Amino acid sequence: MTHRLRGPAGPAAAVAPPRACGYNPGMQEPPIPPDEDDRLRALRSLLILDTPPEERFDRIVAFAAQEFDAPMALVTLVDAERQWFKARVGTDLTETPRSISFCAHAIAQSETLVVPDALQDQRFQDNPLVTGDPGIRFYAGAPLGLPDGQKVGTLCIIDRQPRTLDRVGLAILQSLRDLAVEELARQAKGKAP
């Protein structure tokens, strides 16, 4: 079995699942949040999965990439088996399997997940997104929490080099995340432009 990474024109690459290829038996798949059924129901009620790109989300990731000088920035939505990219800078992929998703780890906690060097983090060091393309080293993902509390995805920045995020950077990322959440809340209320 292989994981399929999807690009804009369909499957772009096949990635073998970590355990099947013996990458790292210690690599941790993301935990399933205790409110998973409610979370998925809230996500799907947004009617946003698999929709075309929208400028309101594209501007947020473009600003995040520029502000943090990050080669990749994404608004991700974590579905049952995949993470789908509503907006993206720096990758042609439109989704990856949830089982190898950094963002699925981020939605399992309330605070922003910061991974300074994925090669030094046992959860991720043998992840195919680290050992292969796109070569993730740094990840920071701020969970997108809806007004009812369900975390449906993240605003994240990714780099191919290890780095850190100071308190000011963390505050900026969280403020940008809040803008994305406002757009999702508008979507939920049916007021999306």
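The values are calculated or read from the model by the stated rules, or taken from the named source; none is laboratory data. Here the structure is a predicted model, which is why all the values come from computation and not from measurement. Methodologically, a virtual Cβ is constructed for each residue, glycine included, from the backbone with ideal geometry; neighbour enumeration extends over all protein chains shown. What goes into the accessible areas is simple: the full protein's heavy atoms, side chains included, and nothing from ligands, DNA or RNA. Shrake-Rupley method; radii C 1.70, N 1.55, O 1.52, S 1.80 Å.
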note = Filtering segment 112-127 down to residues that are buried (at least 22 other Cβ atoms within 10 Å of the Cβ) and among the hydroxyl-bearing types (Ser, Thr, Tyr) yields none
ask   = What about ARG137, is it without any contact (Cβ under 8 Å) to a residue 60 or more places away in the chain, within 15 Å of the chain's Cα centre (by Cα) and open to solvent by 50 Å² or more (accessible area, probe 1.4 Å)?
value = yes
task = Look at segment 112-123 and say how many of its residues are within 27 Å of ASP178 (Cβ to Cβ) and either within 14 Å of the chain's Cα centre (by Cα) or part of a helix (DSSP H, G or I) (or both).
result = 5
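Only one of PRO147, PRO162 is over 12 Å from the mean Cα position of the chain (by Cα), under 30 Å from SER45 (Cα atoms) and open to solvent by 50 Å² or more (accessible area, probe 1.4 Å); which?
Answer to the check: PRO147.
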message = Exactly one of these conditions fails for LEU129: (1) of a type outside the set (Gly, Ala, Ser); (2) closer than 22 Å to LEU49 by Cβ; (3) part of a strand (DSSP E or B). Give me its number.
response = (3)
task = Could you grab the pairs with beta carbons closer than 6 Å, sequence gap of 6+ or different chains, first residue in segment 109-126 and among the small types (Gly, Ala, Ser), second one surrounded by 13 or more Cβ atoms within 10 Å (Cβ to Cβ)?
result = ALA118/PHE124; ALA118/VAL130; ALA118/ILE136; ALA118/ARG137
ask   = Given segment 1-111, what strands (runs of 3 or more DSSP E) lie entirely inside it while holding 3 or more residues that are modelled with pLDDT of 95 or more and open to solvent by less than 40 Å² (accessible area, probe 1.4 Å)?
value = 72-78, 82-89, 95-97
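Considering only residues that are more than 19 Å from SER110 (Cα to Cα) and either at pLDDT 95 or above or part of a helix (DSSP H, G or I) (or both), which ones fall in segment 165-193?
Keep residues of segment 165-193 that are more than 19 Å from SER110 (Cα to Cα), which gives 183, 186-193.
GLU183, ARG186, GLN187, ALA188 - these are the residues of segment 165-193 that are more than 19 Å from SER110 (Cα to Cα) and either at pLDDT 95 or above or part of a helix (DSSP H, G or I) (or both).
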Subset of segment 135-164 (residues that are under 12 Å from ALA118 (Cβ atoms), of a type in the set (A, V, I, L, M, F, W, C) and not in a strand (DSSP E or B)) = ILE136
